[in-house]
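No value in this document is a laboratory result; all are computed from the given coordinates. No experiment lies behind these values; they were computed from the predicted model shown. Virtual Cβ from ideal backbone geometry, glycine too; neighbours counted across all protein chains shown.
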Amino acid sequence: MRYLTLAASLAALSSVALAQDRITLSNGDVLTGSIKSMADGKVTINSALLGDVVVPMSNIQDMVTKEMVTLETANGDRLVNRRIVGLEGGNLRLEGDTTSLALANLGKINPPEKPEPTWTGSLNLSGLWVEGNTDRRAVGLAMEASRRAEIDRITVDAAWDYSEDKDQATAVWSLNQRRAGGGIKYDYFLSKKWYALATARVLGDTLADIQLRFTGGVGIGYTWIEEKDATFTTELGLSYFNENYRTVGVESVDYLAARAAYKYVRQLSEATRLVHGCEAFPSLEDGSDFYLQAKTEIVTSLTDSMIAGVAHVLDYDNTPAPGRDRVDNRVLLTIGWSF
């Protein structure tokens, strides 16, 4: 009876061991338990006796999992609900698969769930009140936000500026700035570096005599730098360009233009960053038609959510409305909130 009890116990222990994930090391030792994850070339297995054990893949001779696991390839693709049934010739053998996964192409086992994409951005307010020898009142509001997912990115922005000066002799307030506009851009990632894009932007500027300026087009972009403290992208494409003027009798302008743009972001310190970008629209129909906007901005965090910034914006229109200057320069001081 005692032998029967011992045999039953050994059989039970054997079935438990077989029901666990198993890693066979190069020296023949066997680890059983539950494979939690694999990343950076190292596998973590939880053993009932030893706790979490981290083993380099280079020291593993064989591997078997009891339950289904999720595999992530080196380029980010995921193979869900697969059971590993062995390791042979530098490949993972998967249950039910006619092909194997090369270890060189294995990125992770049971990677953490990717977070849902969220919107991030800022809302900025600017204002000015001057009274005395010069009377001026001005207010501005700007918003920008972006949402980045695994396969795409959406960016939106909008701005409104209004300003008046008071004539000291007549006490009449006169407009010296009324400008509003916004844009949207969609990027679809073709690879880690390349992306296709579609973009549209509108602007109204009373002092520049622009009733509505519209640009819309498609193109392709390339990410040269994407690091923790710096990013740099360039874009090239085609765009429809249209300007309608406020003055009655002045004909609107529209043409097919090339679109060339770049953006550079640099983290100067933990709290402060530099943002510089440029977007140009040279006409493909008339060499004299050319529009460009360049913006350089320094933004610093005052608290966890409050930010302050100073920006210089250059607008250059080689063929402005009659009687208007080609160049507009604006310096903006803002305070706002990030989200």
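Sequence gap of 8 or more, or different chains, plus Cα separation below 15 Å: how many lysine pairs satisfy both in the chain?
Qualifying lysine pairs in the chain: 6.
Sketch the reach of a paramagnetic label on residue 26 as a point 7 Å from Cα along Cα-to-Cβ, and name the residues of segment 73-90 whose backbone nitrogen lies under 16 Å away.
From segment 73-90, the list is 88-90.
Counting other C-beta atoms within 10 Å, which of 199, 231 has the fewest, and how do the rest follow?
Ranked by crowding around the Cβ, least crowded first: 231, 199.
Work out how far the C-alpha atoms of segment 75-190 reach from end to end along every principal axis, then list the three figures in whole Å, largest first.
Per principal axis, max minus min of the Cα coordinates gives 92, 21, 20 Å.
For a test of the definition: using alpha carbon positions, the gyration tensor, and the 1.5 limit on a/c, classify segment 57-128 as rounded, prolate or oblate.
prolate
Would you work out which of 191, 267, 327 lies farthest towards the positive end of the dipole of the chain? Charges go on Cβ: Lys and Arg +1, Asp and Glu -1.
191
In nm, to one decimal, how far is the residue 272 label point from the residue 58 one, both placed 7 Å along Cα→Cβ?
It is 4.4 nm.
Note down the nm distance, to one decimal, between modelled labels 7 Å out along Cα→Cβ at residue 250 and at residue 147.
Roughly 3.8 nm, to one decimal.
So what J values fall out for segment 153-170 if you push phi through Karplus, 6.51 cos²θ - 1.76 cosθ + 1.60 with θ = phi - 60°, rounded to Hz, Gly and Pro as x?
Karplus-based 3J(HN,Hα) across segment 153-170 equals 8, 10, 10, 10, 8, 7, 8, 9, 9, 9, 8, 9, 10, 9, 6, 5, 7, 9 Hz.
Taking 41 Å as R0, compute the FRET efficiency from the Cβ-Cβ separation of residue 171 and residue 242 and round it to 0.05.
That pair, residue 171 with residue 242, gives E of 0.55.
Report ³J(HN,Hα) in whole Hz for each residue of segment 195-205, in order, from the Karplus equation J = 6.51 cos²θ - 1.76 cosθ + 1.60 where θ = phi - 60°; Gly and Pro get x.
8, 8, 9, 9, 9, 8, 8, 10, 8, x, 9
Report the calculated FRET efficiency for residue 329 and residue 36 (r = Cβ-Cβ distance, R0 = 56 Å), to the nearest 0.05.
Working from the Cβ atoms, E equals 0.45.
Any chance you could get the radius of gyration and Dmax over the Cα atoms of the chain, in Å?
30.8, 117
Run the paramagnetic zone check for residue 284: 7 angstrom along Cα to Cβ, then residues of segment 218-247 with backbone nitrogen under 13 Å.
Residues passing the 13 Å test: 218-220, 236-241.
Go ahead and run the numbers for FRET between residue 310 and residue 207, Cβ-Cβ distance against an R0 of 22 Å, rounding to 0.05.
Between residue 310 and residue 207 the formula returns 0.50.
Taking the Cα centre of segment 119-338 as the origin, how large is its charge dipole in debye, to the nearest 20, when only Lys and Arg (+1) and Asp and Glu (-1) carry charge on their Cβ atoms?
Here segment 119-338 has a charge dipole of around 460 debye.
Of the options 207, 225, 142, report the single residue whose Cα projects farthest towards the positive end of the charge dipole of the chain (beta-carbon charges: Lys, Arg +1; Asp, Glu -1).
225
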